[in-house]
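Novice: Dropping a structure here in structure tokens format, bear with me for questions.
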Amino acid sequence: MLDKNYLYTPGPTPVPPQVAAAMSRPIIGHRSQEFADLHGQIVEKAKIVFQTANDLYVLTTSGTGGMETAIANTVAPGDRVLALVTGNFGERFAKIAGAYGADVTRLDFKWGTALDMNQVDEVWKKEGPFKLVLATHNETSTGITNDIAALGGYLANSQALLLVDAVSSMGAMNIRTDEWHVDIMVTGSQKALMLPPGLALVSVSSKAWSTIEANPEVRFYFSLLEARKSFGKKNTPWTPAVSLFYGLDAALDMLLAEGLSNVFKRHARMAKAARAGAKALGMQLLADDSIASHTVTAALPGAGVGASDLSNILQRDMGVTFAGGQGQLKGRLLRIGHMGYCSELDVITAMAALEMALYKAGVAVDLGAGVRAAEQALLRI
Ligand SMILES: *Cc1c(COP(=O)(O)O)cnc(C)c1O
């Protein structure tokens, strides 16, 4: 069997050859002028993708490390935090705040739905104000996107800081960090940014800096004060993952060369195609069209077949990797990632694999129906 894998997990995602090539360059010293130049140029390009004029830091850690950085620098024990939870990653953000001693109020929304501003307003009026509000832009565990513009607009005139996890949407969806009043925006390298795992990027507003500077708690590896100090010399406080920085520079060049608006449209089309295909194969989409993620499609197989059986067939017989459900959806869900180095034809391939897997699992599937529906969605017939 040819050792060819088709990676459709919503992180990590496939790495483009030009990014892989950039990462194979010889290592340079991170205290060199060459690294300083590379670092400076990466941050400028990343700010375009974040649509921010705020400070931005590239941290050698995973996406969760970026989330922890956001919390660790702004939270002191006892601080009141409102965590908006729409799935597994919202839950993680809430847990990190709890781990740092915050007094966390959780507002949970049914998995597969998005956050509802009426409920946020109700909680704010009853229990607010809060020092921090935590939200997930794109909830990877359920395939929904939250309206951060509405949330940011609501909070704009309050004292609260808005911290947003955009790990699985930055570089794929139109995220207006400044216009949406996001104080700390977090992303990771291994999703739409087309890199291997290992980097997190965080932007920090001046409002956030005031809180960070006043925080009595001292942080070390994740200290944004240290990151800011080092960035004065285009440096990092600790040894950065230099190879990933080379890769990030190349990946940002690819995004900017395609044009952000084209990148966003490509992801919207891929999502439409994946949803049309899955639906035509009798799968139930977890999220409503109006809130559907552009980077990951979550679907429940119809009666008579288990999500993990399908996953196993896809992996074993075709070398195709989809993700399963997380948390309360474990074992029930299939998640198809379509972000980063992913084209419309890759989605067609995923649909072809999915319908063959359903057939092999004994489902009376109309072979070609998923591919046809996806193609029709792409051709807008
Ligand atoms: C993948 C992901 C993370 C976690 O990132 P790690 O790199 O695994 O630490 C956080 N939030 C969201 C929404 C994600 O999709």
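Novice: Can you pull out the residues in the range 169-189 that are part of a loop (DSSP other than H, G, I, E, B) and open to solvent by less than 30 Å² (accessible area, probe 1.4 Å)?
Specialist: Those that are part of a loop (DSSP other than H, G, I, E, B) and open to solvent by less than 30 Å² (accessible area, probe 1.4 Å): 169, 171, 172, 175, 177, 182, 183, 189.
Novice: Sticking with this structure for a sec: Which of the following residues is on the phi > 0 side of the Ramachandran plot and at pLDDT 95 or above: 153, 143?
Specialist: That would be 143, the only listed residue that is on the phi > 0 side of the Ramachandran plot and at pLDDT 95 or above.
Novice: Quick check on the range 62-89: of everything there that is surrounded by fewer than 22 Cβ atoms within 10 Å (Cβ to Cβ) and within 11 Å of the ligand (Cβ to nearest atom), which residue is farthest from residue 125 (Cα to Cα)?
Specialist: Ranking the qualifying residues of the range 62-89, first place goes to 62.
Novice: For residue 134, work out the one condition from (1) more than 30 Å from residue 236 (Cβ to Cβ); (2) within 14 Å of the ligand (Cβ to nearest atom); (3) in a strand (DSSP E or B); (4) not aromatic (Phe, Trp, Tyr) it doesn't fulfil.
Specialist: (1)
Residues are listed down the side, and each one gets a yes or a no for (1) under 30 Å from residue 272 (Cβ atoms); (2) charged (D, E, K, R); (3) surrounded by 18 or more Cβ atoms within 10 Å (Cβ to Cβ); (4) in contact with a Lys or Arg (Cβ under 7 Å, 6 or more places away or on another chain):
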{"residue": "98", "(1), (2), (3), (4)": "no, no, no, no"}
{"residue": "120", "(1), (2), (3), (4)": "yes, no, yes, no"}
{"residue": "139", "(1), (2), (3), (4)": "yes, yes, yes, no"}
{"residue": "150", "(1), (2), (3), (4)": "yes, no, no, no"}
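Novice: Also, I was wondering about something else. Consider residue 243 carefully, then state whether it is in contact (Cβ under 8 Å) with a residue 24 or more places away in the chain, under 30 Å from residue 342 (Cα atoms) and either within 16 Å of the ligand (Cβ to nearest atom) or open to solvent by less than 10 Å² (accessible area, probe 1.4 Å) (or both).
Specialist: So residue 243 fails the test.
Novice: Restricting to the range 137-173, and then to whatever is within 9 Å of the chain's Cα centre (by Cα) and within 21 Å of residue 105 (Cβ to Cβ), can you tell me which residue is nearest to the ligand (Cβ to nearest atom)?
Specialist: 165
Novice: Of all residues in the range 109-131, how many are assigned to a strand (DSSP E or B) and either more than 16 Å from the ligand (Cβ to nearest atom) or farther than 23 Å from residue 71 by Cβ (or both)?
Specialist: Within the range 109-131, the subset assigned to a strand (DSSP E or B) is 111, 113.
Applying the additional criterion that residues be either more than 16 Å from the ligand (Cβ to nearest atom) or farther than 23 Å from residue 71 by Cβ (or both) yields 113.
Total satisfying the criteria: 1.
Novice: Answer yes or no as to whether residue 48 is within 22 Å of the chain's Cα centre (by Cα), β-branched (Val, Ile, Thr) and surrounded by fewer than 15 Cβ atoms within 10 Å (Cβ to Cβ).
Specialist: yes
Novice: Return the pairs, sorted by first residue and then second, in which the second residue is in a loop (DSSP other than H, G, I, E, B) and within 14 Å of the ligand (Cβ to nearest atom), the first residue lies in the range 88-115 and is closer than 27 Å to residue 300 by Cα and basic (Lys, Arg), the beta carbons are less than 9 Å apart, and the residues are 6+ apart or on different chains.
Specialist: Here the result reads 110/86, each pair linking the range 88-115 to a residue that is in a loop (DSSP other than H, G, I, E, B) and within 14 Å of the ligand (Cβ to nearest atom).
Novice: Are there any pairs with C-beta distances below 6 angstrom linking a residue in the range 13-26 that is open to solvent by 80 Å² or more (accessible area, probe 1.4 Å) to a residue that is in a helix (DSSP H, G or I), with the two at least 6 apart or on different chains, and if so which?
Specialist: These pairs meet every condition: 18/250; 25/246.
Novice: Which of the residues belonging to the range 1-24 are among the hydroxyl-bearing types (Ser, Thr, Tyr), away from the ligand (no atom under 16 Å from the Cβ) and part of a loop (DSSP other than H, G, I, E, B)? Break it down stepwise before answering.
Specialist: Of the range 1-24, the ones among the hydroxyl-bearing types (Ser, Thr, Tyr) are 6, 8-9, 13, 24.
From the residues that got through so far, the ones that are away from the ligand (no atom under 16 Å from the Cβ) too are 6, 24.
Selection gives 24 alone.
The values are calculated or read from the model by the stated rules, or taken from the named source; none is laboratory data. The structure presented is a predicted model; accordingly, all values stated were derived computationally and were not measured. When we count neighbours, we look across all protein chains shown, and the Cβ atoms used for this are built from the backbone with ideal geometry, even at glycine. Surface areas here come from the heavy atoms of the whole protein model, side chains and all, with no ligands, DNA or RNA. Shrake-Rupley method; radii C 1.70, N 1.55, O 1.52, S 1.80 Å.
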